[in-house]
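Each reported figure results from applying straightforward, stated rules to the coordinates on display, with no laboratory input. Remember, it's a predicted structure, so these values are computed and weren't measured experimentally. Note: ideal-geometry Cβ built from the backbone for every residue, glycine included; neighbour counts use all protein chains shown.
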Amino acid sequence: MKENFEIAMNVFIFGYDILLFRMFDTIRNTISQFQDHEWIILIVVVAVFLIRLLYLILFTGKILFAKNNVAGEPQALSLILTFRNEEDNLGKNLPAVLNIGQGNFEVIAVDDFSTDNSMIVLGALKERYERLRYSSISQETWFSVKMAQNIALKAAKNRWVMVIPPSVCEYSDHWISAVSSSVTEKSDIVVNYSNVKHDGSFYNRLYRAELFSQQLRSFGFILNGLPYVVSEDNVAFRKDRYFLTGGYREKVKESYANLELLINSFIKKKNTRLIFSPDTVVLRNEVINKINFYDLLKKEIQIRKYLPFLRRIFITLDEFTGCLFLPVAVILYIFMPDLWVPLVTVLGLTVFFKMFIIKKALSRLKERKLFLTSLIYGLFFPCYKLGYRFYYNYYSRRKKWKSKR
């Protein structure tokens, strides 16, 4: 019995060696007969796959090793909340924030010319919570969100401020204390993860996957010394940095993006701390539609316009190779079918790394019901996003040009 098993194993190994030899021989013969255009295709494919692997491992994959060291003595925080017609969200969500027991903080709420009962809700809450202070803009103005934020920042008593949305609904009991304990004398910014709550709708899934993707990229760049942020929510920073930059100034007329523009103007490698932990994750309860999703894409485009050149180059390279990833694999298979074995191997390896990073990142953040959506979105949407960015920039330039005529 043992001898038969050994014979069978020897036959299998011999057959496998012959198959492997023939496969490599076929690949070698195929490559030796390449014409110029086929060499170009092969070089492009190898370059795209190599860049994707290096980016996944050295940039995005680095997030999995991010450490969340608590600095020590907690710092007092001023939570900035600006809103318009958020009566329901203020009544449902703000009391829970004000009742957080851990952490030394205040809430500065500024009403952006609401026409509902938002101010009445705030007035009732003010009677119950001393840590709440509020103000309002008395008339409709252009870019009033930025004006409301400026009012809130001037009113903040503490050195550290953090923007929270009215729809904030899910967070850890240690949220505020974890953020305030992570600041140091040398840090100016503490970056945390935020997203919208899962509700199963189509655009909710797209929005969540896109925002997760944007932040994952941002976190990877932070860890590699090219920091920037894509969301003002749940990002703590020193109040004086806002005023040292002169406030919004020429950025006041920018649509979609607000404090992200200013934070990115003073964010540096040495002064930024990233907390990649469920303790500081914040979720919003919002109904997401098509407009919200495209506004998120436009917001990223506006933010990227103001990033340093090197950061924009790296982001564009990531975006461009992400778009080419599947198309060049198809082209290689069509024109060079004999190379399907190494093609499938490299393709599978890249997809495996992407799956592994997404799965581990979501597990670490305790983000549920986002793995499959993020994987599919990351594989099939980069080309659409790249095309949309070119379309949006072209349309914006054309509109600006017409307005000057």
Ranked by Cβ crowding within 10 angstrom, fewest neighbours first, how are Thr245, Thr345, Thr280 ordered? Thr345, Thr245, Thr280
Taking amide H positions as placed 1.01 Å from N in the peptide plane, with prolines and chain starts having none, which residues 5 or more places from Val235, or on another chain, fall under 5 Å of its amide H? Val163
Under the Cβ-under-4.7 Å rule, which cysteines of the chain stay unpaired? Cys169
When the Karplus curve 6.51 cos²θ - 1.76 cosθ + 1.60 is applied with θ = phi - 60°, which whole-Hz ³J(HN,Hα) does each residue of the stretch 303-314 get, with x for Gly and Pro? 5, 5, 4, 9, 7, x, 4, 4, 5, 5, 5, 5
Quick check: from the Cα gyration tensor, does the stretch 257-405 come out rounded (a/c under 1.5), prolate or oblate? oblate
Relative to the compact-globule scaling 2.2 N^0.38 Å, provide the ratio for the alpha-carbon radius of gyration of the chain. 1.19
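Please state the shape class of the stretch 209-312: rounded when a/c is under 1.5, otherwise prolate if a/b exceeds b/c and oblate if not, all from the C-alpha gyration tensor.
rounded
Where the only charges are on Cβ atoms (+1 Lys, Arg; -1 Asp, Glu), what is the dipole of the stretch 94-212 about its Cα centre, to the nearest 20 debye?
That gives the stretch 94-212 a dipole magnitude of about 220 debye.
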Computed magnitude of the charge dipole of the chain (debye, nearest 20; Cβ of K, R +1, Cβ of D, E -1): 1340 debye
Roughly what would the spin-label model give for Phe371 and Ile334, points 7 Å off Cα along C-beta, in nm? 3.4 nm
J(HN,Hα) series, the stretch 241-250, from Karplus relation 6.51 cos²θ - 1.76 cosθ + 1.60, nearest Hz, glycine and proline x: 5, 4, 6, 5, 7, x, x, 6, 6, 5
Trypsin sites (Lys or Arg not before Pro) in the stretch 136-182 lying in a DSSP loop, each with at most 16 other Cβ atoms within 10 Å of its Cβ, come to Lys157, Arg159
Give, in nm to one decimal, the length gained when the segment between Lys197 and Ala66 is fully stretched (0.36 nm per residue of separation minus the Cα-Cα distance). 44.7 nm
Can you sort Asp240, Asp233 so the residue with the fewest Cβ neighbours within 10 Å comes first? Asp240, Asp233
Taking the simple approach of a point 7 Å from Cα along Cα-to-Cβ for both Ile291 and Ser135, what is their distance in nm? 2.9 nm
Please sort by residue number the trypsin sites (Lys or Arg not before Pro) in the stretch 221-267 whose DSSP state is loop and whose Cβ has at most 11 other Cβ atoms within 10 Å. Lys253
Any idea which of Phe49, Ala329, Tyr384 is furthest toward the positive side of the dipole for the chain, if Lys and Arg beta-carbons carry +1 and Asp and Glu beta-carbons -1? Tyr384
Quick one: grab Rg to one decimal and Dmax as a whole number for the stretch 263-309, Cα atoms only, in Å. 14.6, 38
Give the range of the longest stretch in the chain that excludes all GluC sites (Glu not before Pro) found in loop regions by DSSP and having at most 10 other beta-carbon atoms within 10 Å. 186-405
By counting other Cβ atoms within 10 Å of each Cβ, how are Ile51, Ile176 ranked from fewest to most? Ile51, Ile176
